[in-house]
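Written below as structure tokens is the structure these notes are about.
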Amino acid sequence: MGKRKLFLGVMIGATVGGLVTLFDKDTRSYSKEKLSTAKSGTSYLMKHPSEAVHSIRTVFDTFNRNFTTGAEKTIDALEQVEATLDKVANKNEANRIE
């Protein structure tokens with residue numbers, strides 16, 4: 001029950017807040033412009049679904065490549081840090097023995 005009230009309160013607050021901001025003329029014109037852009041983009045995608053799927057696939061492939069490259073670079077950096085820490089630990093250990 002509490003979760004439902006929280007969600008309802010957030011939705012009502014967001015709606016009221018959004019409506020209050022529309023009292024400003026610049027905000028209304030900006031919102032109108034963005035809604036018009038979204039409408040034309042949605043209409044285009046509805047008329048050309050194969051292009052939409054291709055675009056999504058391209059974006060996903062690019063994200064996947066970037067993520068993989070980033071993960072590989074992170075792993076390389078961690079391996080370098082590990083190697084450096086091993087060298088420092090071995091050097092400290094050798095100094096203690098002498």
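The values are calculated or read from the model by the stated rules, or taken from the named source; none is laboratory data. Just so you know, these numbers come straight off a predicted model, no measurement behind them. Cβ coordinates were reconstructed from backbone atoms using ideal geometry, including for glycine residues, and neighbour counts include every protein chain displayed. The area values use the complete protein model at the heavy-atom level, side chains included, leaving out ligands, DNA and RNA. Shrake-Rupley method; radii C 1.70, N 1.55, O 1.52, S 1.80 Å.
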Straight-line reach from LYS32: which aspartates and glutamates have a Cα under 13 Å away, not including same-chain ones fewer than 8 places off?
ASP24
Accessible area of the chain with a 1.4 Å probe: how many percent of it is carbon plus sulfur?
64 percent
Report, in degrees rounded to the nearest 10, the 0 to 90 angle that the Cα long axis of helix 25-47 makes with the longest principal axis of the chain.
80 degrees
In this structure, the FRET efficiency calculated for GLU82 and PHE60 from their beta-carbon separation, with R0 = 30 Å, to the nearest 0.05, is 0.40
Straight-line reach check, LYS47, cutoff 18 Å on alpha carbons, 8 or more apart in-chain or any other chain, hits among lysines -> LYS39
Simple SL model, points at 7 angstrom along Cα→Cβ for GLU51 and ALA89; separation in nm is 5.8 nm
Cα long-axis angle, helix 49-97 against the chain (0 to 90 degrees, to the nearest 10):
30 degrees
Whole-number D in µm² s⁻¹ for segment 2-62, Kirkwood Cα-pair radius fed into Stokes-Einstein, 20 °C, 1.002 mPa s
146 µm²/s
Shape descriptors of segment 10-98 over alpha-carbon atoms, Rg and Dmax in angstrom, are 27.2, 79
